[in-house]
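Below: the structure, in C-alpha cells.
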Amino acid sequence: MRRGNAPTGAELRTVQGMARSPASATPPPRFVEALESIRRASFPPEVELEEIPAPMRPAPFAVALEARLPRDEESDAASGSFVLLHEPEGHVVWDGDFRIVTVAKAELEPEFALDPFVAAVAWTYLVEALDQESLPRAELAGTATRTVSESFGSIKSRGTTVGVEIRASWTPEGAEIGAQLVAWLRFLAKLGGMELTPPGVTVLRGAR
C-alpha cells in the first residue's frame, strides 16, 4: 500500500503485473502508455492507494486500484475503486478504446438522512472535479445513491448511519489516465469532507 505517491520503479512492474491481459498477449502501446501515466502521477499525501486484481470482464486489458482516505486509525472518510478498461479495437458503447469505471463511498453526518439533494450534490462534485482539470471525456454516466441504516438489538448503540455511493464511468480521450485518477481522488476527498494538500505543496512534519 502506498500513501501519497504513484507506483514507481518496482511498483510500476507490480501495476503492470496485476493488469489483466489475455494469455500470452503483449499489452498494446496505448495500454502501456496509460499505465506509465499512472506511474508518473503525483497523488495527495492523504491518499492510500493500492493495486487490486483487475476484473475479468468486459475488456481484454484492465488495471484496478483501490483508494482510501483515512479519517483516523479506525475509519475512513471515503473509499472507492478506480478501474481502467482497454479494448484496442475500440468499443461502440464506450465511443473509444478506454473506459474508466469507478465506485466511491463516504459516510455522512446523520442530519443528511432526510436531505433529498444529497445524491445530486455528490454527483455534481464528480463533474466539477473532472471539469476543474479540463479533462476531455465522453459518455459520462452513473448513479448516486443515498443510504440510511438503523441499528437494532445488541448494536443499537451505533445509531443511524448515513452514506452515499457514486458509481460512475466515462470514456477518457487519450491515454493520460494519471490526471483522470488524480481528479477522481480529489472528488473522493470532497465526498468525504476532507481537504487535500494542493499539488506541488510539501508537507513539513515536525521532529518527534
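The values are calculated or read from the model by the stated rules, or taken from the named source; none is laboratory data. Remember, it's a predicted structure, so these values are computed and weren't measured experimentally. Ideal geometry is used to build each Cβ from the backbone, glycine not excepted, and the neighbour counts take in all protein chains shown.
When residues of segment 94-116 are filtered for being at pLDDT 90 or above and over 14 Å from Leu188 (Cβ atoms), how many remain? Talk me through it step by step, then tell me what you get.
Initial filter on segment 94-116 (at pLDDT 90 or above): 94-106.
Retained after the next criterion (residues that are over 14 Å from Leu188 (Cβ atoms)): 94-99, 101.
Counting residues in segment 94-116 that are at pLDDT 90 or above and over 14 Å from Leu188 (Cβ atoms) gives 7.
Looking only at residues that are of a type in the set (S, T, N, Q) and not in a loop (DSSP other than H, G, I, E, B) in segment 123-150, which one is farthest from Trp94 (Cα to Cα)?
Of everything passing the filter in segment 123-150, Ser149 is farthest from Trp94 (Cα to Cα).
In segment 158-187, which residues are modelled with pLDDT of 90 or more, among the basic types (Lys, Arg) and farther than 23 Å from Phe117 by Cβ?
Hits for segment 158-187: nothing passes.
Going residue by residue through segment 81-103, is there one that turns out to be over 27 Å from Ser149 (Cβ atoms) and either of a type in the set (Gly, Ala, Ser) or touching a Cys at 6+ places or on another chain (Cβ under 7 Å) (or both)?
Yes.
Go through segment 135-144 and give me each residue that's loosely packed, with under 14 Cβ neighbours inside 10 Å and either within 21 Å of Ala122 (Cβ to Cβ) or at pLDDT below 80 (or both).
Listed by number, the residues that qualify are Glu139, Ala141, Thr143.
Any idea how many residues of segment 51-76 are part of a loop (DSSP other than H, G, I, E, B) and in contact (Cβ under 8 Å) with a residue 12 or more places away in the chain?
The total comes to 9.
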